[in-house]
Structures are given as C-alpha cells and as structure tokens.
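Undergrad: Have a look at this one before I ask anything.
Only the coordinates and a few stated rules stand behind these numbers; no lab work does. Small disclaimer: the values here were computed from a predicted structure and weren't measured. Here the Cβ positions follow ideal geometry from the backbone for every residue, glycine too, while neighbour counts run over all protein chains shown.
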Amino acid sequence: MTIETERLILRPFLEKDAEDVYEYLNKPAVNCFACMKLDSIREAKKEMLRREKETEYYFAITLKETGKVIGEIDAYPETGEPHADENSVKDTFSPCWMLNKKYQGKGYAYEAAKAFFEYLFSQKGARRIYAYTEDYNLSSQHLCEKLGMRREGVFVEFVSFINNEDGTPKYENTVQYAILKKEWNH
Ligand SMILES: CC(C)(COP(=O)(O)OP(=O)(O)OC[C@H]1O[C@@H](n2cnc3c(N)ncnc32)[C@H](O)[C@@H]1OP(=O)(O)O)[C@@H](O)C(=O)NCCC(=O)NCCS
C-alpha cells in the first residue's frame with residue numbers, strides 16, 4: 001500500500017532505508033520512543049527487514065522529490081476499550097509519528113498525518129483515532145490540534161519510559177487527543 005500527497009509518498013519500509021532511519025532513530029527525539037533506539041546501521045538493517053513485512057499500518061514518510069525517508073507513521077487496529085473481549089470490533093487506532101529533526105517545521109508531519117487519517121477512516125474501518133502525547137511535547141499537541149483532534153484530558157504520572165538517576169521510574173503526564181470519523185472533515 002502507498003499513500004501519495006502533494007510532496008510525500010507514504011510506503012512500507014525497505015531494507016535500503018536503513019541509513020535514513022538510523023539518522024533519526026540513533027537518538028530518538030522523545031522518551032516514549034527510547035526503546036526504538038538503533039545503535040548501528042547493522043541494527044537498522046535488521047529492523048528494516050522486520051518492518052518490510054508491515055504493509056498496511058506502518059509507513060515510511062518519504063520525499064517525493066528525492067525518495068529520502070524523513071520519518072514514519074503507524075497505527076494498528078485496536079478494540080479501544082481496555083476490557084473488551086476478543087470478539088470486539090477493532091475500529092480504534094492510535095498513531096505514532098516521528099520526523100527527522102532536519103525536516104520538521106515544514107508541514108510534512110501534518111501532510112503525512114492528514115493522508116494517513118483519511119486512509120484509516122476511509123479504507124481501514126477506523127471509527128475513532130486517539131493520540132497520547134506527553135504534556136511537554138508541544139509540537140505533537142499542535143499537530144493533533146491542527147488535525148482537528150479534541151483534547152480529552154491529562155493522565156497524571158501515567159507512564160514511565162525511562163528511570164530517574166536514582167533508578168526509580170520517571171513518570172510522565174500524558175495528554176489524550178481524539179477524533180471520530182463523523183468529526184473528520186479535512
Ligand atoms: C511531532 C512532530 C512529528 C511534528 O512535526 P512538525 O514538523 O512540527 O509538524 P508540521 O509538519 O505540521 O510542521 C509544522 C510547521 O511547519 C511550518 N511550515 C513550513 N512550511 C510549510 C508548508 N509548506 N506547509 C505547511 N506548513 C509549513 C508551519 O509553520 C507549521 O506550523 P503551523 O502548523 O503553526 O502552521 C515532530 O515534532 C517530531 O517528529 N517530534 C519528535 C517525535 C515525537 O514527538 N513524536 C510524537 C510522540 S507523542
């Protein structure tokens with residue numbers, strides 16, 4: 001599956017993307033992506049081989065003009081309700097988005113996310129899309145708002161991605177945004 005926008009092509013990852021991905025995942029920009037850190041090009045290649053199989057829900061954000069991978073976006077179907085049984089409909093999605101720092105502030109994240117949301121709502125049965133973002137992550141919150149998502153609340157000391165210097169978990173405050181298919185009019 002590929003998704004085309006004015007300046008971008010969203011497509012599944014390929015082994016040859018290893019260097020471009022290493023460029024931004026060698027130092028993940030935010031704590032919630034700390035576990036995605038890649039320590040070498042070799043590790044990046046291995047990760048690309050794993051991602052190659054993901055053809056519906058995990059996309060490389062590439063520049064149409066040069067083919068460079070400048071970031072990524074993904075979201076998988078979930079039931080959306082934590083106590084739902086296994087037969088419940090999976091109509092809820094929670095995207096992760098990330099751009100190489102060099103390509104931020106150019107409207108690419110919005111362009112990619114808007115096309116990805118349209119794909120989820122129109123082709124993948126999405127009823128609700130929600131996003132978690134840390135309270136200090138203003139660029140991600142700005143992106144949610146630009147996409148028309150509602151700020152639904154703040155979960156205080158909700159999750160820990162890294163430890164404090166004394167080894168105790170460092171808890172972060174998480175903001176939740178969401179939008180329903182019937183609210184989507186981009
Ligand atoms: C979150 C993230 C993806 C947002 O990326 P971004 O580059 O700030 O977002 P956009 O692509 O929408 O660009 C924003 C700005 O680009 C500017 N811009 C420049 N040229 C533009 C153009 N041709 N078209 C549109 N906007 C343009 C605008 O000023 C826009 O700001 P505005 O919305 O106030 O108008 C990025 O900050 C990131 O990767 N962060 C690290 C990872 C992360 O935090 N992920 C989320 C974890 S919860």
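Undergrad: Using only the C-alpha atoms of region 96-186, find the volume of their convex hull and express it per residue in Å³.
TA: Taking only Cα atoms, region 96-186 has a hull volume of 112 Å³ per residue.
Undergrad: Here's a follow-up. Could you sort the peptides 28-37, 83-92, 132-141 by per-residue average Cβ neighbour count (10 Å cutoff), highest mean leading?
TA: 132-141, 28-37, 83-92
Undergrad: To continue, here is another question. At 0.36 nm per residue, and after removing the present C-alpha to C-alpha distance, how many nm does the segment from residue 156 to residue 170 gain when stretched out fully?
TA: The span from residue 156 to residue 170 would gain 3.8 nm if fully extended.
Undergrad: For residue 90, which aspartates and glutamates qualify as cross-link partners when the Cα separation must be under 13 Å and same-chain residues fewer than eight apart are set aside?
TA: Within reach: 78, 81.
Undergrad: Go through 64/102; 27/114; 64/182; 16/37 and tell me which ones have a Cα-Cα distance over 20 Å in this structure.
TA: 27/114; 64/182
Undergrad: Ok, one more. Sorting check: for 152-158, 5-11, which peptide has the highest mean count of neighbouring beta carbons within 10 Å, and how do the rest follow?
TA: Packing proxy ranking, top to bottom: 5-11, 152-158.
Undergrad: A follow-up question, please. Any idea what the dipole of region 3-183 comes to, in debye rounded to 20, about its Cα centre with Lys/Arg Cβ at +1 and Asp/Glu Cβ at -1?
TA: 560 debye
Undergrad: Label the chain by shape, choosing from rounded, prolate and oblate, from the square roots a ≥ b ≥ c of the eigenvalues of the Cα gyration tensor; if a/c is under 1.5 it is rounded, and otherwise prolate applies when a/b is larger than b/c, oblate when it is not.
TA: Rounded is the answer for the chain, as its axis ratio a/c remains below 1.5.
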